[in-house]
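> I have a structure I would like to understand better, so I am pasting it below and will then ask my questions one at a time.
The values are calculated or read from the model by the stated rules, or taken from the named source; none is laboratory data. Note that the structure is a prediction, hence the values are computed from the model and not measured. Here the Cβ positions follow ideal geometry from the backbone for every residue, glycine too, while neighbour counts run over all protein chains shown. Quick note on the areas: whole protein, heavy atoms, side chains included, nothing else; ligands and nucleic acids left out. Shrake-Rupley method; radii C 1.70, N 1.55, O 1.52, S 1.80 Å.
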Amino acid sequence: MASHNLLILPGDGIGPEVATQVERVVDWFGKRGIARFETERDLVGGSAYDAHGVAISEDAMKRAHAADAVLFGAVGGQKWAGVPYEHRPEAGLLRLRKDLKLFANLRPAICYPALADASSLKRENIEGLDILIVRELTGGVYFGEPKEIVTLENGQKRAVDTQVYTTGEIDRITRVAFDLARTRRNKVSSAEKHNVMRSGVLWKQVVTEIGKEYPDVELEHVLADNCAMQLVRWPKQYDVIVCDNLFGDILSDVAAMLTGSLGMLPSASLGAPDEKTGARKSLYEPVHGSAPDIAGKGLANPIAMIGSFGMALRYSFGLTEAADLLDGAIADVLASGVRTRDIAGPGVNTVGTVGMGDAIIKALDTRG
Ligand code: NAD
């Protein structure tokens with residue numbers, strides 16, 4: 001059985017609490033002989049700053065480069081509000097994204113039937129939802145130059161951000177979306193604004209060309225503003241949505257909130273495939289932050305972090321059955337009524353972080 005090398009970077013706040021639960025799940029898969037994982041832990045964020053004076057050490061970066069996948073908890077907190085900008089906790093995450101060249105951000109929005117009533121949409125519009133937003137993460141208006149605020153001769157100021165994409169950047173993110181669609185329901189919706197933006201015109205052209213290489217995958221083009229409306233009207237019409245950095249930022253947050261708590265949302269960031277092995281660098285992390293308000297209290301919901309490991313099983317290791325098993329166990333736990341505080345209605349009994357971990361391990365035992 002192949003062994004997979006996992007680097008776990010718990011980070012700050014609730015990061016270590018939820019990371020401990022994911023380690024239990026990783027161990028479960030190892031013990032059951034479903035897959036073997038070599039795991040290492042290292043510091044990132046404020047905890048790395050406290051130990052090494054930087055948000056991620058060179059040693060940890062080396063391990064991240066060598067790992068088959070990185071599992072990242074969360075970083076940040078008031079304690080580090082005053083540290084120099086280049087050493088702030090978030091700098092550790094940004095360095096990982098940059099050095100591992102993680103250009104593709106995957107944000108699933110899945111609605112477990114047991115939580116459908118927690119959504120702001122009606123149950124019939126949301127129950128069973130399973131969509132994936134593929135966002136370009138390293139280009140576009142957040143990075144384009146010039147990016148500045150200048151003072152004009154008349155005393156007014158002028159701010160500029162530059163939306164810029166090359167065919168290569170659009171090509172590689174589009175291929176990720178089409179490849180993923182093939183593992184799902186074979187549909188890609190490309191969201192841009194070709195009606196008012198030149199970058200949108202190029203985006204649409206490149207996506208159309210690549211679509212011809214995937215005749216088995218349905219391709220539709222949708223204006224990004226219309227996509228936002230459709231997401232809150234009838235999200236189940238989508239399978240994979242591919243978009244640039246700015247639109248992806250907004251559309252993935254819209255999709256996320258359709259499904260309830262931050263504590264439920266996993267994500268993945270993928271790099272380019274290695275020319276020799278085809279393996280991609282990858283980092284998996286919950287969407288939530290370090291939640292200082294509940295850190296150290298044992299209240300955090302570990303599902304987003306455990307679901308992030310599920311994405312690693314699916315997208316880094318090709319262990320689809322193991323990923324389905326884990327998703328099924330999470331669904332069973334929710335269906336049985338087990339809730340952490342963030343996903344419980346008023347008056348509902350709740351469990352803590354460890355209790356939710358226990359329930360997921362028990363559900364795995366039952367299914368596996
Ligand atoms: P947050 O996601 O940490 O918390 C927002 C709210 O959601 C809080 O009320 C929190 O208790 C709750 N919450 C979050 N995760 C939860 C979980 N797993 N279970 C139960 N409840 C959960 O966002 P914030 O409060 O804006 O930021 C707090 C810190 O986290 C800041 O320092 C911020 O910079 C950092 N942050 C880090 C990341 C990251 O590491 N990727 C992302 C976002 C924010």
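> Among all residue pairs at least 6 apart or on different chains, which show Cβ distances below 9 Å where the first residue, located in region 71-82, is modelled with pLDDT of 95 or more and open to solvent by 10 Å² or more (accessible area, probe 1.4 Å) and the second is within 8 Å of the ligand (Cβ to nearest atom) and of a type in the set (A, V, I, L, M)?
Going by the 9 Å Cβ cut-off, the qualifying pairs are V75/L93.
> While we're on this one: Look through T366, T350, T340 and report the one residue that is away from the ligand (no atom under 16 Å from the Cβ) and assigned by TED's automatic domain parsing to the domain that holds T20.
Details: T350 fails: away from the ligand (no atom under 16 Å from the Cβ); T340 fails: away from the ligand (no atom under 16 Å from the Cβ).
It is T366.
> Among the numbered criteria (1) over 23 Å from the mean Cα position of the chain (by Cα); (2) open to solvent by 30 Å² or more (accessible area, probe 1.4 Å); (3) assigned by TED's automatic domain parsing to the domain that holds E124, which one does G200 miss?
G200 satisfies all of (1) over 23 Å from the mean Cα position of the chain (by Cα); (2) open to solvent by 30 Å² or more (accessible area, probe 1.4 Å); (3) assigned by TED's automatic domain parsing to the domain that holds E124 except (2).
> Give me the pairs: first residue in region 174-201 and more than 30 Å from A312 (Cβ to Cβ), second residue part of a loop (DSSP other than H, G, I, E, B), beta-carbon distance under 7 Å, and six or more apart or on different chains, which are they?
M197/Q163; S199/Q163; S199/V164; S199/Y165; G200/K193; G200/H194; V201/H194
> In region 83-101, what residues are part of a loop (DSSP other than H, G, I, E, B), free of Cβ contacts under 8 Å to residues at least 40 places away in the same chain and surrounded by 19 or more Cβ atoms within 10 Å (Cβ to Cβ)?
Listed by number, the list holds a single entry, R88.
> Please go through (1) assigned to a helix (DSSP H, G or I); (2) open to solvent by 30 Å² or more (accessible area, probe 1.4 Å); (3) of a type outside the set (S, T, N, Q); (4) within 13 Å of the ligand (Cβ to nearest atom) for V18 and return the number of the only condition it doesn't satisfy.
Condition not satisfied by V18: (2).
> What residue, of D42, D68, is in contact with a strand residue (DSSP E or B) (Cβ under 9 Å, 6 or more places away or on another chain), within 16 Å of the ligand (Cβ to nearest atom) and in the same structural domain as P302 (by TED's automatic domain parsing)?
Working: D68 fails: within 16 Å of the ligand (Cβ to nearest atom).
Exactly one of D42, D68 is in contact with a strand residue (DSSP E or B) (Cβ under 9 Å, 6 or more places away or on another chain), within 16 Å of the ligand (Cβ to nearest atom) and in the same structural domain as P302 (by TED's automatic domain parsing), namely D42.
Table: residues versus (1) β-branched (V, I, T); (2) over 22 Å from the mean Cα position of the chain (by Cα); (3) open to solvent by 30 Å² or more (accessible area, probe 1.4 Å); (4) modelled with pLDDT of 95 or more.
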| residue | (1), (2), (3), (4) |
| --- | --- |
| D216 | no, yes, yes, yes |
| C227 | no, no, no, yes |
| G248 | no, no, no, yes |
| A256 | no, no, no, no |
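> Return the total of residues in region 102-114 being of a type outside the set (F, W, Y) and either in contact with a helix residue (DSSP H, G or I) (Cβ under 6 Å, 6 or more places away or on another chain) or exposed (fewer than 15 other Cβ atoms within 10 Å of the Cβ) (or both). Quick ask: steps written out before the conclusion?
Pass one, region 102-114, residues of a type outside the set (F, W, Y): 102, 104-111, 113-114.
Within this subset, residues satisfying the condition of being either in contact with a helix residue (DSSP H, G or I) (Cβ under 6 Å, 6 or more places away or on another chain) or exposed (fewer than 15 other Cβ atoms within 10 Å of the Cβ) (or both) are 104, 107, 109, 111, 113-114.
Count: 6.
> Does A51 meet the test of being in a helix (DSSP H, G or I), surrounded by fewer than 13 Cβ atoms within 10 Å (Cβ to Cβ), more than 9 Å from the ligand (Cβ to nearest atom) and aliphatic (A, V, I, L, M)? Give the steps one after another, and end with the answer.
Numbers: in a helix (DSSP H, G or I): yes; surrounded by fewer than 13 Cβ atoms within 10 Å (Cβ to Cβ): yes; more than 9 Å from the ligand (Cβ to nearest atom): yes; aliphatic (A, V, I, L, M): yes.
So A51 fits the description; yes.
> So which of A109, A181 ends up being assigned to a helix (DSSP H, G or I) and closer than 23 Å to L265 by Cα? Steps first, please.
Working: A109 fails: assigned to a helix (DSSP H, G or I).
Of A109, A181, the one residue that is assigned to a helix (DSSP H, G or I) and closer than 23 Å to L265 by Cα is A181.
> Against the definition (β-branched (V, I, T) and in contact with a Phe, Trp or Tyr (Cβ under 8 Å, 6 or more places away or on another chain)), how does V25 come out, yes or no?
Details: β-branched (V, I, T): yes; in contact with a Phe, Trp or Tyr (Cβ under 8 Å, 6 or more places away or on another chain): yes.
Yes.
> Against the conditions (1) more than 13 Å from the ligand (Cβ to nearest atom); (2) open to solvent by 30 Å² or more (accessible area, probe 1.4 Å), where does M311 fall short? Just the number, please.
The single condition M311 does not satisfy is (2).
> Further, regarding this structure: For region 329-344, check the following and say yes or no: at least one residue is of a type in the set (K, R) and open to solvent by less than 40 Å² (accessible area, probe 1.4 Å).
Narrowing region 329-344 to residues of a type in the set (K, R): 339, 341.
Filter once more, keeping what is open to solvent by less than 40 Å² (accessible area, probe 1.4 Å): 339.
Yes.
> For I173, are the conditions met, namely being at negative phi and touching a Phe, Trp or Tyr at 6+ places or on another chain (Cβ under 7 Å)? It would help to see each step written out before you state the result.
Values: at negative phi: yes; touching a Phe, Trp or Tyr at 6+ places or on another chain (Cβ under 7 Å): yes.
Judged against the criteria, I173 is a match.
> Looking only at region 261-308, which residues are away from the ligand (no atom under 12 Å from the Cβ), of a type in the set (S, T, Y) and in contact (Cβ under 8 Å) with a residue 12 or more places away in the chain?
Matches in region 261-308: S282 only.
> Can you say whether P286 is within 30 Å of D171 (Cβ to Cβ) and either in the same structural domain as I131 (by TED's automatic domain parsing) or not hydroxyl-bearing (S, T, Y) (or both), as far as the supplied structure shows?
Answer is yes for this residue.
> I would also like to ask the following. State all residues of region 76-111 that are within 14 Å of the ligand (Cβ to nearest atom) and among the charged types (D, E, K, R); if no residue qualifies, say none.
K79, R88, E90, R95, R97, R107
> Hey, could you check region 112-163 for residues that are among the acidic types (D, E) and assigned to a strand (DSSP E or B) and say which is nearest to A329 (Cα to Cα)? Give the steps one after another, and end with the answer.
Start the filter on region 112-163 by keeping residues that are among the acidic types (D, E), which leaves 117, 124, 127, 130, 136, 145, 148, 153, 161.
Subset that is assigned to a strand (DSSP E or B): 130, 136, 145, 148, 161.
Working: D130: 16, E136: 31, E145: 46, E148: 49, D161: 45 Å.
For region 112-163, the residue satisfying everything is D130.
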